Amino acid sequence: MSKITEVDVIPFTFEVPELSLGESRTMGVSNMVYEHGAVLKVMRYAVALRTNDGLEGRYVTHWVGTPSALGQTVMLAPTLLGRDPEHREAIYDDLKREARAYDHMGHGALDIALWDLYGRKYGASLASLLGASKSRLPTYASSHHGQNTPGGLDTKEAYADFAVSCRERGMPGFKIHGWHDGDKRREAAVITEVRKAVGDSMEIMVDPACELRTYQDALYVGRACDDNACFWFEDPYRDSGVSVVGQKMLRENLKTPMLVSEHVRSVEQKAAFALAGGCDMMHIDPEYDLGITGMMKVAHFAEAIGMDVQVHACGPAHRACVAALRNTHFYEMALIGPDMPNLVPPVYACGYDDQLTGVGADGCVPVPDGPGLGVDYDWEYVEKNKTAHHQFRL
């Protein structure tokens, strides 16, 4: 029997050109803006698991790679020592209990590394282990947020021009992340401008990212979604996307499907949210939703009740999951903008690409088919740029 004897959690930094925090004092999830000549330092972290018989699993975080999630991963990591890495369900339950007083954001990276180890042990891709039927994924452009300083997405016209450029790349959809000030009229106007620019040749999605201040503001912007035949309306206002009552009221007063539950954790809570009428579609993420193990539970629950899902954000684990799901539509290239790169760490030694350059002429990205996650990490880069090294040994 294999037994986990080593767990490493390594935070590291990298630099992203042409982006800055602007007037913000903290990065959060998406506070960056375009700034010519600027360089933004970003932190992510890597996880490595090793066993007594020479097996190894790795994962490098994308959007979950924050100091908050890192703290939870470091807290949970010792729980894996001495465990059989194939006992993912039992480990999932134990990690879920250990993180019950927190938001579970540090759980996913450990579970994904377990899946990578499993695939590498048997020489199978994660996609094939999940039963994937797709090798290329239709990919939508998920925009950076708007800014009030010149450059990037600084006007509704800039959004429209960027949407057109993405359509010309063959991308089938464009998601608008608006400004952070919650101006309902500006939010509604940019939806209309983008629809006018792309016509009916592209799906438009709208995600205010909980920036609108009130339910009435959300209703106002939602009606603009209705008028412009948007594909979904996502997490619109300051309930933080967790109020069943508020989202149900929006569903009852809008035609556009509501994509909600990105900020609701675990299959139990997401199931309760959906059954109570809080969404038309469920948002799921292998980093956010307690790993691939947890996320696939939610996806299969949604399938059982006839509901669609969307996999939030990007990464090799995300691609494998999207490839295996029937009840989903797109892969999300998040976040991108004109001359604004995605904050994906440059740790891939295999050509894996989550920038616009990675989208083919067919508007799709490939699903990695190598063992495990199907990607090769440049571990020397991680080591060279690390800011700490949390080591746990049996």
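The values are calculated or read from the model by the stated rules, or taken from the named source; none is laboratory data. Just so we're clear, the structure is a prediction, and the values are computed from it rather than from any experiment. Here the Cβ is made from the backbone with ideal geometry for all residues, glycine too, and neighbour counts use every protein chain on show. Ligands, DNA and RNA are excluded from the accessible area calculation, which covers all protein heavy atoms including side chains. Shrake-Rupley method; radii C 1.70, N 1.55, O 1.52, S 1.80 Å.
If the only charges are +1 at each Lys and Arg Cβ and -1 at each Asp and Glu Cβ, what is the size of the charge dipole of the stretch 161-301 around the Cα centre, to the nearest 20 debye?
Values: 17 positive and 23 negative charges, 45 e Å.
Here the size comes out at about 220 debye.
Find how much the distance from residue 248 to residue 157 grows on full extension, using 0.36 nm per residue of separation minus their present alpha carbon separation; answer in nm with one decimal.
Numbers: separation 91, 0.36 × 91 = 32.76 nm, distance 3.25 nm.
The residue 248-residue 157 span can extend by a further 29.5 nm.
Quick check: Cα centre of the stretch 22-78 to Cα centre of the stretch 286-356, how many Å?
Each part reduced to its Cα centre gives a spacing of 16 Å.
Take every DSSP beta bridge with both residues inside the chain and express the antiparallel ones as a percent of the total, to the nearest 5. It would help to have the intermediate numbers written out before the result.
Numbers: 30 of 53 bridges.
Taking every DSSP beta bridge with both residues in the chain, the antiparallel ones total about 55 percent.
Using +1 at the C-beta of Lys and Arg and -1 at the C-beta of Asp and Glu, which of 355, 300, 155 has the Cα lying farthest in the positive direction of the dipole of the chain?
Farthest towards the positive pole: 300.
Using only Cα atoms, tell me the angle between helix 108-122 and the longest principal axis of the chain; keep it within 0 to 90° and round to the nearest 10.
For helix 108-122, the angle is close to 60 degrees.
Compare the Cα positions of 374, 77, 109 along the charge dipole of the chain (+1 at Cβ of Lys, Arg; -1 at Cβ of Asp, Glu; about the Cα centre) and return the one farthest towards the positive end.
77
Would you work out the charge dipole size for the stretch 135-191 about its Cα centre, treating the Cβ of every Lys and Arg as +1 and the Cβ of every Asp and Glu as -1, and quote it to the nearest 20 debye?
On the way: 8 positive and 7 negative charges, 54 e Å.
Result for the stretch 135-191 is approximately 260 debye, rounded to the nearest 20.
Enumerate the lysines that residue 96 could reach by cross-link, defined here as Cα to Cα under 22 Å, with residues fewer than 8 away along the same chain left out.
Candidates past the 8-residue exclusion: 3, 270, 297.
Please identify, among 178, 222, 199, the residue showing maximal mean-square fluctuation in a Gaussian network model of the chain using a 10 angstrom Cα cutoff.
Judging by the Gaussian network model, the answer is 199.
May I ask which residue of 250, 388, 342 lies farthest towards the positive end of the charge dipole of the chain, with charges of +1 (Lys, Arg) and -1 (Asp, Glu) on Cβ and the Cα centre as origin?
Value computed over the given set: 250.
Which FRET efficiency, nearest 0.05, do residue 87 and residue 384 yield, Cβ-Cβ r, R0 30 Å?
The calculated FRET efficiency here is 0.30.
Under a Cβ-only charge scheme (Lys and Arg +1, Asp and Glu -1), can you give me the dipole magnitude of the stretch 1-152 about the Cα centre, in debye to the nearest 20?
Values: 15 positive and 17 negative charges, 46 e Å.
In debye, rounded to 20, the stretch 1-152 gives about 220.
Using θ = phi - 60° and the Karplus form 6.51 cos²θ - 1.76 cosθ + 1.60, what ³J(HN,Hα) does each residue of the stretch 184-198 get, whole Hz, x for Gly and Pro?
4, 6, 5, 5, 5, 5, 5, 4, 5, 5, 5, 4, 4, 6, 9
For the chain, give the percent of accessible area contributed by carbon and sulfur heavy atoms, probe 1.4 Å, rounded to a whole number. Intermediate results must be reported in sequence, preceding the final value.
Values: 7300 of 14820 Å².
Result for the chain: 49 percent of the exposed heavy-atom area is carbon or sulfur.
Classify the stretch 55-99 as rounded, prolate or oblate, taking a ≥ b ≥ c as the square roots of the eigenvalues of its Cα gyration tensor: rounded when a/c is under 1.5, otherwise prolate if a/b is larger than b/c and oblate if not. If you can, show how the numbers build up before the last one.
Values: a/c = 2.05, a/b = 1.38, b/c = 1.48.
Cα axes put the stretch 55-99 in the oblate bin.
Quick one: compute the contact order of the chain, relative version, from alpha carbon pairs under 8 angstrom and 6+ residues apart, as a percent.
Working: 905 pairs, mean separation 87.7, N = 394.
In percent, rounded to a whole number, it is 22.
Kindly point out, ordered by number, any Cys in the chain whose beta-carbon has no other cysteine beta-carbon under 4.7 Å away.
Cysteines of the chain left without a disulfide-compatible partner: 166, 210, 279, 314, 321, 350, 364.
Using a cut-off of 17 Å between alpha-carbon atoms, which lysines can reach residue 41, once sequence neighbours fewer than 8 places away in the same chain are excluded?
384, 386
Rolling a 1.4 Å sphere over the protein heavy atoms, what is the accessible area per residue of the chain, to the nearest Å²? Display every interim value, and only then the final one.
Values: 14820 Å² over 394 residues.
Accessible surface, normalised per residue, equals 38 Å².
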